[in-house]
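Take a look at the structure set out below.
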Amino acid sequence: MTSVDTAWLPPAERFDFWQDLVARQSTTATIRSAYTDDFTASARVLDLGTLRLGVWRYPPLELIRSARMIDSGDPELYHLALPLSGRGVVTQQRREAPLDPSAFTLVDTVRPHGSRLRADGATPSAAVETLTVLVPHRALPVAPHRLAELFAAGIPARTGMGALLAAFLRRIVAHPEQYATADVPHLDRIALDLIAGALAGRLDVTRELPVDTRVTGLRVRVAAFVRRHLTDPGLSPAAVAAAHHLSLRSLHRLFEGTGTTVGGLIRAGRLERAARDLADPALRRLTVAQIGARCGFTHPAHFSRAFRSAYGWSPGEHRQRAARG
């Protein structure tokens, strides 16, 4: 991960540094801003191998990548962006789409494009923040002429595959320290498959994706469903299979070779939630059994046995350890 902050530089040097950083980590562009005299900005860029993720925080600006800036030797990349704060517009191929936290936008870096972003609210100088992904053309299993239909067009980030993609990417960039180096290729593959699924879904060509890509998308949807319903005592592999119109055998086959099962996902998710709740001072009024019930465990004895098996001590001991700090 590369992490930079212009605050460490003299104000007069910050804007030029930022332009150079954008050129090195993304693509060459002309950047204009009303705040060049004191351009306080920061960036975190994660290289996953195929994909490059970034979280960029900066004052309101305008970015233009003209035809003259594009060289035949430039890497052929798609640029997928999701504003986390701020609003604006993006343009490419005589098309213009709004930029806001409700949707991803896609542009092709080897075609001219531009964007403008302003701050939310009444403070014009407030920083805006954007999550970006650079994807090589060759990595996406969607026909280029079909993807061109999505340039400067909104791809919903709060429903369907777009919501799963947004949640997955935000989790990686928010807590990269939670992952080991050995996890990086796996994260890269999942992110790429989710991107392909979100774009193909928008184009209604999901069935044309490779089987492995569709399997990854379905697996992530199942895992997200499990996380949303952990407190439901009726959550079970059979319930998950029914919710996704799968047979129980197909559901189990979906997770073969992953090192876990749907039952394992449910149990691990409930135990992790219980561990957090037991350590939460605001929930001290609740008994251990009540915490277990809140997390989907209908029998206190089963909750206690499962917790001890996972963590090496009882739920009550975990609460005492957390209280002692």
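The values are calculated or read from the model by the stated rules, or taken from the named source; none is laboratory data. Quantities reported herein were computed from a predicted structural model and do not represent experimental measurements. Please note: Cβ atoms are built from the backbone with ideal geometry, for glycine as well, and neighbour counts cover all protein chains shown. Note: areas computed on protein heavy atoms with side chains; ligands, DNA, RNA excluded. Shrake-Rupley method; radii C 1.70, N 1.55, O 1.52, S 1.80 Å.
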Inset, instruction - At 20 °C and 1.002 mPa s, grab the translational diffusion coefficient of the chain from Stokes-Einstein with a Kirkwood Rh over Cα pairs, rounded to a whole number in µm² per second. - result: 97
Legend entry - Longest DSSP-loop-exposure-free segment, chymotrypsin sites (Phe, Trp or Tyr not before Pro), the chain, at most 15 other Cβ within 10 Å: 1-178
Inset, instruction - Taking trypsin sites (Lys or Arg not before Pro) as candidate sites, keep only those in a DSSP loop with at most 13 other Cβ atoms within 10 Å, then name the longest stretch of the chain containing none of them. - result: 159-283
Legend entry - Rg/Rg_ref, the range 1-59, where Rg_ref = 2.2 N^0.38 Å and atoms are Cα: 1.12
Legend entry - Whole-number accessible area per residue in Å² for the chain, which is evaluated in the context of all protein chains at 1.4 Å: 51
Legend entry - Cα centre as origin, Lys/Arg/Asp/Glu Cβ charges: the chain dipole, Debye: 1420
Inset, instruction - Calculate, for Arg305 and Val211, the FRET efficiency according to 1/(1 + (r/R0)^6) with r their C-beta to C-beta distance and R0 45 Å; round to the nearest 0.05. - result: 0.70
Inset, instruction - Please find the FRET efficiency linking Ala12 to Ser85, where r is the Cβ-Cβ separation and R0 is fixed at 25 Å, and quote it to the nearest 0.05. - result: 0.40
Inset, instruction - Using 0.36 nm per residue of separation minus the Cα-Cα distance, give me the extension gain between Ala289 and Ile31 in nm, one decimal. - result: 87.1 nm
Inset, instruction - Considering Cα pairs under 8 angstrom that are at least six residues apart, work out the relative contact order of the range 50-201 and quote it in whole percent. - result: 29
Legend entry - Contour excess over end-to-end distance, with Cα ends at Leu203 and Glu149 and 0.36 nm allotted per residue: 18.6 nm
